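Just below is one structure, and these are the notes that go with it.
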Amino acid sequence: MQTSDVVVVGAGLLGSAVAYGLARQGVSVTLLDEGDQVFRASRGNFGLVWVQGKGVGKPDYARWSRGSARLWPQLAAALLEDTGVDVCLQQRGGLHLCLTESEFLERQARLQELQDAVGADYPFEMLDLKAARTLLPALGPTVFGASYSPMDGHVNPLKLLGSLHQACRQRGVAIHTRQHVTTVAKQGSGFEVQAGTQRWQAGRVVLAAGLANRTLAPHIGLQVPVAPNRGEVLITERLPPVLSYPNNLIRQTDEGTIQVGDSMEEAGYDDNVSTPVLGNIAARAVRCMPALGELRLVRSWAALRVMTPDGFPVYQESDSLPGAFVITCHSGVTLAAQHALTLAPWLAGGDRPAGINGFGVNRFCSTRPTEGPLDAH
C-alpha cells in the first residue's frame with residue numbers, strides 16, 4: 001500500500017498540469033498513467049492557446065479561457081525554471097480564416113456577442129483579405145477575410161507534456177505508468193485507488209482520466225457523460241519560418257513543420273485516420289494558402305477529443321464523497337495554466353475558484369453543443 005496526500009488518475013495534459021500545480025502547493029502527489037496505448041488526446045493536440053470564439057452561450061468559459069491565456073507566460077516561465085525546457089510559447093495573436101462573406105459575418109456576430117458579454121477585455125478585429133495578408137501574406141485569393149485577436153497564440157504540445165512530466169518528477173510526484181485503474185473507493189478518512197494488484201491511499205483523489213472518466217466517475221457518486229470526437233492532422237516537411245501567426249486551420253511549429261487540421265468527427269472510439277477526411281483538410285488548407293500545395297506531407301495522425309455534451313469543462317467535487325473530484329476538458333493546452341495555477345490550490349483543499357462555478361455536472365440534462373467546430377482547440 002502506497003500513500004500520498006493526493007492521487008491523480010490520468011497523466012495527460014490535464015492530469016499532469018494539475019499534479020504539477022499540486023506539487024507546487026507542497027502536497028505529496030501520486031500520478032497514475034495508463035500510457036500511450038490508450039486514447040490519449042494529448043498526443044494529437046493542435047497546440048493552440050486559443051481564446052477567440054470560445055464561450056458563445058457561456059461567457060464564463062470565455063473568461064476562464066481568457067484568464068488562462070494571461071497566466072500562460074507564468075506557467076511557461078515556471079516550467080523553464082524547473083526543467084530547462086522551453087515549451088515555445090508564442091502569443092502574438094491568431095487569426096480565424098473565413099472563406100465566404102457569410103462565414104465572415106457569422107464570425108463577426110459571434111465575437112461581438114462574446115465581447116458584449118465579457119467586456120473590453122475581449123479584443124478582436126475583423127480583417128478583409130488585404131488587411132489579413134499584412135499578417136499572413138500567403139493567403140489565397142478566395143479567402144474572404146479573417147478575425148484577428150491578440151489574445152491567442154500557440155505552444156509545442158509535446159514539449160509541454162514532456163516538461164510537465166519532468167517538472168512533476170523533480171518536485172517529488174510519484175508517477176506510475178501502465179496503471180489501468182479499476183476501483184476508486186472510500187477508505188477511512190480518505191480513498192483507495194486500485195489498478196490490478198497495486199493499491200494507493202490518499203486523503204484526496206482527482207479523476208482526470210479523459211474518456212475513462214465516464215466509467216470511473218460513478219465510483220465517487222458522479223455521472224460525467226464524456227464522449228469521443230475525432231480530429232485529424234497533417235504534417236508537412238520542415239521549412240524556414242514562414243507563418244508568423246497561427247490560425248484555426250494552419251500553424252507552423254517551432255521545429256518548422258506546417259501543421260494542418262480542422263476536422264471534428266463523430267467516429268466513436270476509432271482513432272484511425274480517414275483518407276477522405278484528410279483530403280478535405282488538405283483541400284481547404286490549399287484553398288486558404290495555395291503555396292501549401294507544393295509541400296511534401298511527412299505524416300498524419302488522428303486523436304480523440306474528450307467532449308462533454310455542451311463542449312465545456314467539468315470541475316466537480318463529489319457531494320457524497322467530499323475530497324473526491326472529477327475534472328475534464330477538451331482544451332488541455334489553452335487551459336493548462338488555469339489548471340496548474342488556479343485549479344490545483346482548490347484541489348489541494350483551498351477555496352473553490354469563482355471562475356468555475358458554472359462547470360458542475362448538474363447542467364447536462366438540458367444542454368446542447370454550442371462551441372463551433374473550428375474553435376475546439
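Determine, yes or no, whether residue 159 is farther than 30 Å from residue 328 by Cα and part of a helix (DSSP H, G or I). Answer is no for this residue. So residue 300 ticks every box in (1) crowded, with 20+ Cβ neighbours inside 10 Å; (2) modelled with pLDDT under 95; (3) touching a Leu at 6+ places or on another chain (Cβ under 9 Å) but one. Which box is left unticked? Unmet for residue 300, out of (1) crowded, with 20+ Cβ neighbours inside 10 Å; (2) modelled with pLDDT under 95; (3) touching a Leu at 6+ places or on another chain (Cβ under 9 Å): (1).
Within the option set 221, 256, being surrounded by fewer than 18 Cβ atoms within 10 Å (Cβ to Cβ), at pLDDT 95 or above and outside the structural domain of residue 194 (by TED's automatic domain parsing) holds for one residue only, 256.
Residues considered: 53, 93. Of these, the only one that is touching an Asp or Glu at 6+ places or on another chain (Cβ under 8 Å), in contact (Cβ under 8 Å) with a residue 60 or more places away in the chain and closer than 23 Å to residue 310 by Cβ is 53.
Within the range 347-356, restricting attention to residues that are crowded, with 17+ Cβ neighbours inside 10 Å and among the hydrophobic types (A, V, I, L, M, F, W, C), the residue that is farthest from the chain's Cα centre (by Cα) is 348. Residues in the range 171-198 that are more than 16 Å from residue 318 (Cα to Cα) and assigned to a loop (DSSP other than H, G, I, E, B): 11 in all.
Test each condition in (1) surrounded by 21 or more Cβ atoms within 10 Å (Cβ to Cβ); (2) farther than 21 Å from residue 209 by Cα; (3) among the small types (Gly, Ala, Ser); (4) touching a strand residue (DSSP E or B) at 6+ places or on another chain (Cβ under 9 Å) for residue 55 and report the one that comes out false. Looking at each condition in turn, residue 55 falls short on (4). Every test in (1) touching an Asp or Glu at 6+ places or on another chain (Cβ under 8 Å); (2) among the polar types (S, T, N, Q); (3) modelled with pLDDT of 95 or more is passed by residue 236 save one, and that test is (1).
All conditions in (1) more than 24 Å from residue 271 (Cβ to Cβ); (2) crowded, with 17+ Cβ neighbours inside 10 Å; (3) touching a strand residue (DSSP E or B) at 6+ places or on another chain (Cβ under 6 Å); (4) hydrophobic (A, V, I, L, M, F, W, C) hold for residue 207, with the sole exception of (1).
For residue 1, the conditions (1) at pLDDT below 95; (2) of a type in the set (A, V, I, L, M); (3) crowded, with 19+ Cβ neighbours inside 10 Å are fulfilled apart from (3).
List every residue pair whose Cβ atoms sit under 9 Å apart, with the two residues 6 or more apart in sequence or on different chains, where the first one lies in the range 308-323 and is within 15 Å of residue 357 (Cα to Cα) and the second, anywhere, is of a type in the set (D, E, K, R). Hits for this filter: 312/58; 312/60; 312/363; 312/371; 315/352; 317/352.
Only one of 161, 135 is among the aliphatic types (A, V, I, L, M), in contact with a helix residue (DSSP H, G or I) (Cβ under 8 Å, 6 or more places away or on another chain) and either surrounded by 16 or more Cβ atoms within 10 Å (Cβ to Cβ) or within 30 Å of residue 6 (Cα to Cα) (or both). Can you tell me which? Walk me through how you get there before you give the answer.
Numbers: 135 fails: in contact with a helix residue (DSSP H, G or I) (Cβ under 8 Å, 6 or more places away or on another chain).
From the options 161, 135, the qualifying one is 161.
Which of the residues that make up the range 305-333 are among the small types (Gly, Ala, Ser) and not in a strand (DSSP E or B)? Explain how you work it out, then say what you get.
Residues of the range 305-333 among the small types (Gly, Ala, Ser): 311, 318, 320, 323-324, 331-332.
Correct list: 311, 318, 320, 323, 331, 332.
For the range 265-278, the condition holds for at least one residue, the condition being that it is within 20 Å of residue 46 (Cα to Cα), within 20 Å of the chain's Cα centre (by Cα) and touching a residue at least 60 places away in the same chain (Cβ under 8 Å). Which of the residues that make up the range 92-114 are over 25 Å from residue 286 (Cα atoms) and either surrounded by fewer than 16 Cβ atoms within 10 Å (Cβ to Cβ) or in contact with a helix residue (DSSP H, G or I) (Cβ under 8 Å, 6 or more places away or on another chain) (or both)? Selection gives 109, 112, 113, 114.
The values are calculated or read from the model by the stated rules, or taken from the named source; none is laboratory data. Bear in mind that the values here come from a model prediction, so they are computed numbers and not experimental data. As a convention, Cβ positions derive from the backbone with ideal geometry for all residues, glycine included, and neighbour counts pool all protein chains shown.
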